[in-house]
Amino acid sequence: MIRLSGITKKYPDGENSFNHVLRGVDMSVGKGEFIAVRGASGSGKTTLLSILGTLLLPDGGSYVLGGMEIYTPGVDYSAVRNQKLGFVFQDHRLMPQLTALENILLPTLAFRNKADERQTDYARKLMELTGIAAVARQYPATLSGGEACRAALCRALIMKPLVVLADEPTGQLDAENARNVAALLAKVNKELGTTIVMVTHSDETADIAGRILTLKDGLLS
């Protein structure tokens, strides 16, 4: 599903100096896998996830997603993000003026004005799967942290993406909700067969994944 080869990324770090965050990352992720990338703060986890999500261009290397070479001329990155990738962010990024259900359906509106009945039914199915069907008409301000995270996960799944990318999804949750959300990611991976790549600094959260990789000194191991 994913193949990274020799991915590099550096940032300016003073005059004529660079911080080499990624130094030639290789990674292969099979269809239906649940991968956790673990690493200390500042190790480059978010940079790596941003490259996987086409939100950031690498300085070098190759990225193949579902058989498609991503970083080549002519690729529509916004279409890739909408149709092939789902995102779960640490801060959830729910639109405050929309209900939980409307937030989940938001990605379906990229190329149309209204979600169709099939998409709405699927959104409700996802809410049932994640245990938040009862809050469909509530606004984000009335949701608990765990409910908001679950709504964000449903939004990431609504387009049936090839891969869900999760950036510290339990980072703002208390210990109990963090465990619940980690277990929910594992449930989604198992029941829907969704490929998941998650970055986290938490060993406990990483342990729920099927395979754990460590990012250190700009390399994965």
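The values are calculated or read from the model by the stated rules, or taken from the named source; none is laboratory data. This is a predicted model, so every value here is computed, not measured. All Cβ positions, glycine included, derive from the backbone under ideal geometry; neighbour counts span all protein chains shown. Heavy atoms of the whole protein, side chains included, go into the accessibility calculation; ligands, DNA and RNA do not. Shrake-Rupley method; radii C 1.70, N 1.55, O 1.52, S 1.80 Å.
Taking residue 124, is it open to solvent by 10 Å² or more (accessible area, probe 1.4 Å) and over 16 Å from the mean Cα position of the chain (by Cα)? The answer is yes for residue 124.
Of these, 45, 114, which one is open to solvent by 10 Å² or more (accessible area, probe 1.4 Å) and in contact with a His (Cβ under 8 Å, 6 or more places away or on another chain)? Result of the check over 45, 114: 45. Looking at (1) of a type in the set (A, V, I, L, M); (2) surrounded by 16 or more Cβ atoms within 10 Å (Cβ to Cβ); (3) touching a helix residue (DSSP H, G or I) at 6+ places or on another chain (Cβ under 6 Å), which one does residue 129 not meet, given that it meets all the others? Every condition holds for residue 129 apart from (3). Of all the residues in region 100-136, those that are touching a Lys or Arg at 6+ places or on another chain (Cβ under 6 Å) and more than 25 Å from residue 79 (Cα to Cα) number 2.
Within region 76-99, which residues are farther than 24 Å from residue 146 by Cβ, out of contact with any Pro (no Cβ under 8 Å at 6 or more places or on another chain) and not in a loop (DSSP other than H, G, I, E, B)?
77, 78, 79, 80, 81
Considering region 33-91 alone, what residues qualify as being free of Cβ contacts under 8 Å to residues at least 60 places away in the same chain and closer than 19 Å to residue 214 by Cα? Don't jump to the end; show me each part of the working.
Quick first cut of region 33-91, residues free of Cβ contacts under 8 Å to residues at least 60 places away in the same chain only: 42, 47, 50-51, 54-62, 67-81.
Listed by number, the residues that qualify are 42, 47, 50, 51.
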